[in-house]
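The values are calculated or read from the model by the stated rules, or taken from the named source; none is laboratory data. Everything numeric here is computed off the predicted structure, so don't read it as measured data. Note that each Cβ is placed from the backbone with ideal geometry, even for glycine, and that neighbours are counted across all protein chains shown. Just so you know, the surface numbers come from the protein's heavy atoms only, side chains and all, with ligands and any DNA or RNA stripped out. Shrake-Rupley method; radii C 1.70, N 1.55, O 1.52, S 1.80 Å.
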Amino acid sequence: MEEKKIDQQVAPQVVEDIDSTIALGTTSLVDKTMDESAVMSERKIEKVKQRQRVAKIVGKIGVYVFLIAMALIVLFPFYWMIISSLKTKDEYYLTQPTFWPTQGLDFANYAQAFKVGNLGVTFANTVYVGIVSTALSLVITVLSAFALARLEFKGKNLLFAGMLATMMIPGELFTITNYKTVVDLGWTNTFTVLIVPFLVSVFYIYLLRQNFMQIPDELYYAAKVDGTSDLKYLWKVMIPIAMPSLISITILKMMGAWNSYVWPRLVASDDVHALITYKLRTTQWDTDPMYVDYPVQMAAVTLVSIPLFMVFIFLRKYIMKGVARSGIKG
Amino acid sequence: MVDKSQQWKAWIYLAPAIVLMLVFTVWPIFNTIMMAFKEGYNPMYELNPEFDGWTFGLQNFIDLFAHASAFTNALVNTLLLCVLTVPISTMLALLIAVALHSIKPLQKLLQTIFFLPYVTNSIAIGMVFSVMFNIVGDVGSPDANYGVINQIFGTMINWMNLGSTKVANYAVMVIYIVWNALPFKILVLLGGLQGVNKQYYDAAKVDGTSKTRVFWRITVPLVSPMIVYVLITGFIGGFKEYSSIVGIFGEDMGATGQQAHENMNTMVGVIYDALPSGQYGKASAAALVLFVIILIVTLINLKISKKSTHY
């Protein structure tokens, strides 16, 4: 379809002229007849070709300049975060911000951040909540996806459609009642409240079900004939095949615990159960409550960001795969 | 292949998911809708002997839209941020994706850099942006530290401190949200571009079509499904904007001194702020308004996309 349209628009043209129009990037169509181009001297053609090459190089340079400029803008906040975290307080408060610490690197900011923010406990809390909720969530997801992909039962399609339909509803609608539920249950300021309400993710069940469906039925029947139980088949055949998806889910779930702010703030904001992101935003980072010690604050921000960078460096492949399919923000 | 044993086995496998969903997904749908229409309902009043129950009505919705309310302010903030950031970030992401697609050397490296902001904590990096725009010292005094952004551009703009204008606050938010939204959009759009059949471009080359024309007549139509996808997810994400504001402005949701009806709070922020004080009716009504807005925007998007998507 597209090809035909383009054909009609620019059909009556001469090859050399066409080449020059592409390379120079002009929109005007050249109206030269066959006769004219036939008498075009060779030097003229040579000249045009040279102009094309120059235009092409200039175009490429333009593209690189644009991309590198954008990349620098993307990277600058990370640079500024690290630089600020290493400045002394005196240097930070200078009227002219310095682009490189001139008064030496102050690593004491990191020790200070760890102490003031009680980061040891908060890190441990976050990792604990992350691991427990990921493990439980994986079990629930795998079992549900297996039943929905492999087993036949009445009401399967209706149930699956109903589950998918809940994905359309914004999470805030659930949060309101869930907040009331956990307050009524007396679950506030426990680890349970941070784990249980988010164990089921319809999206992950959907993702894994799609994966399981691709495994040919014959494998299952062959296993049945051999007397393999469902759970053994699931463990030995389906889970290994779906491993990349399971890894994506694990990473996104752990990152979810690491980055969660709203729910912990509502239901588990005491010091014993505080999670890292909540702690990061609410701590004053200074012994004097009237001020914010920005270098220490930036040191804390860096500490929170480092594990995410590690995930990014080593597991990028899995995240990009999961993200491209889901469109969810970790 | 329906046999009896599979029937009950399937339900056992599904039981944990179903039980949890009944409590934390299905019940909330009904309960939240009900609470939105309960007038004068507040669990705190139940302890009060003078509590005279509640009636069904629209009072919660009427209260939301009262004159100079925190909610109408939040609604305007959310809509404005959406309208400003989604087109800017989509256009910029498309340009970057097309540029990335057209180069060979450095492509992998640049692609990695552009994806970096995705794997970050939006509150943590929000705090970095906040530091970049923040004025340390007395606002207006030449001795104050005006932040690195003012330093780079040689300005003394009060972006987000006491006495800053709403326009300046918006500028900071738009810059941060666009920065934050780029990686996902670039990833999806680049994926779309890589899936386009090269023959279209070869045909255009033979026909001598200009680059601008190729972009609008071939690239954009062929990746239009991805553009629609990032637009819809962008708008939905935009209507739920919250943690970026917390990252920049902290839990006050605005510059120092701004009142609740004039700060940068968003719809989601209003919903969450109402919960600790037990204003469930108000929060539920706000959540329903949010749901309806998201539904309408998504339907409009789908309708338009059906007309303009080229395959």
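Miscellaneous remarks
- Sequence of B:Thr72, A:Thr134 from largest to smallest accessible area, 1.4 Å probe: B:Thr72, A:Thr134
- Most mobile listed residue (B:Lys282, B:Lys108, B:Lys38) in chain B, GNM with C-alpha springs under 10 Å: B:Lys108
- With a 10 Å cut-off around each Cβ of A:196-204, the average count of Cβ atoms from other chains is 3.
- Heavy-atom accessible area with a 1.4 Å probe sorts A:Trp187, A:Trp263, A:Trp100, largest first, into A:Trp100, A:Trp187, A:Trp263.
- Amide H within-cut-off set for A:Asp106, under 5 Å, with H built and near neighbours excluded: A:Lys87, A:Thr88
- Area accessible to solvent at A:Phe114, 1.4 Å probe radius, in Å²: 90 Å²
- Spacing of the two label points (7 Å from each Cα toward its C-beta) at A:Asp271 and B:Leu80, in nm: 4.0 nm
- Surface accessible to a 1.4 Å probe, per residue, for the residues of region A:117-283, Å²: 40 Å²
- Interface residues in region A:42-84 - accessible area drops by 50 Å² or more relative to the isolated chain, probe 1.4 Å: A:Tyr64, A:Phe66, A:Leu67, A:Met70, A:Val74, A:Pro77, A:Phe78, A:Trp80
- With R₀ fixed at 25 Å, the C-beta to C-beta distance from A:Ala222 to A:Val139 puts the FRET efficiency at about 0.45.
- What region B:70-308 shows is 38 Å² of accessible area per residue, with the surface traced by a 1.4 Å probe over protein heavy atoms.
- Ranking A:Arg53, A:Arg150 from most to least accessible surface, computed with a 1.4 Å probe over the protein chains only, gives A:Arg53, A:Arg150.
- Carbon plus sulfur fraction of accessible area for the protein assembly as shown, probe 1.4 Å, in percent: 66 percent
- Between B:Glu39 and B:Thr55, B:Phe56, B:Gly57, the built amide H atoms are under 5 Å apart, and every one of these is 5 or more places off in sequence or on another chain.
- Computing FRET efficiency as 1/(1 + (r/R0)^6) for B:Leu299 and A:Ile247, where r is the C-beta to C-beta distance and R0 is 35 Å, gives about 0.50.
- Cα point-scatterer Debye curve for region B:208-311, base-10 log of I(q)/I(0) at q = 0.10 Å⁻¹: -0.46
- The charge dipole of chain B, taken about the Cα centre with unit charges on the Cβ atoms of Lys, Arg (+1) and Asp, Glu (-1), comes to about 1900 debye, rounded to the nearest 20.
- Partner lysines whose Cα lies under 27 Å from the Cα of A:Lys232, excluding those fewer than 8 positions away in the same chain, are identified as A:Lys154, A:Lys156, A:Lys224, A:Lys253, B:Lys4, B:Lys9.
- Placing a pseudo-label 7 Å from each Cα along the Cα-to-Cβ vector at B:Ser141 and B:Gln6 gives an inter-label distance of 7.7 nm.
- Neighbour net charge for B:Met156 - beta-carbon separation under 13 angstrom, K R +1, D E -1: -2
- Region B:226-258 and region B:169-197 have Cα centres spaced 14 Å apart.
- Exposure of B:Val19 as accessible area (Å², to 10), given a probe of 1.4 Å and all protein chains: 90 Å²
- Dipole-positive endmost among B:Ala70, A:Met320, A:Met254 within the protein assembly as shown (Cβ charges, Cα centre): A:Met320
- For chain B, dividing the convex hull volume of the Cα atoms by the residue count gives 235 Å³ per residue.
- Value of relative contact order over region B:208-298, rounded to a whole percent, pairs C-alpha under 8 Å and six or more apart: 24 percent
- Simple label model, 7 Å out from Cα along Cβ direction - A:Lys49 to B:Leu162, nm: 7.2 nm
- When the alpha carbon coordinates of the protein assembly as shown are projected onto the principal axes, the ranges are 102, 81, 51 Å, largest first.
- Computed with every protein chain present, the accessible area of A:Met167 is close to 90 Å² [probe 1.4 Å].
- Using C-alpha pairs below 8 Å separated by at least 6 residues, the relative contact order for chain B is 28 percent.
- Helical segments meeting 20 Å axial Cα length and Kyte-Doolittle 0.0 threshold in chain B (DSSP H): B:4-21, B:70-102, B:166-194, B:224-239, B:280-308
- Relative contact order of region A:143-233, defined on C-alpha pairs under 8 angstrom at six or more residues apart (%): 46 percent
- FRET efficiency, B:Ser69 to B:Leu22 (Cβ-Cβ, R0 41 Å, nearest 0.05): 0.75
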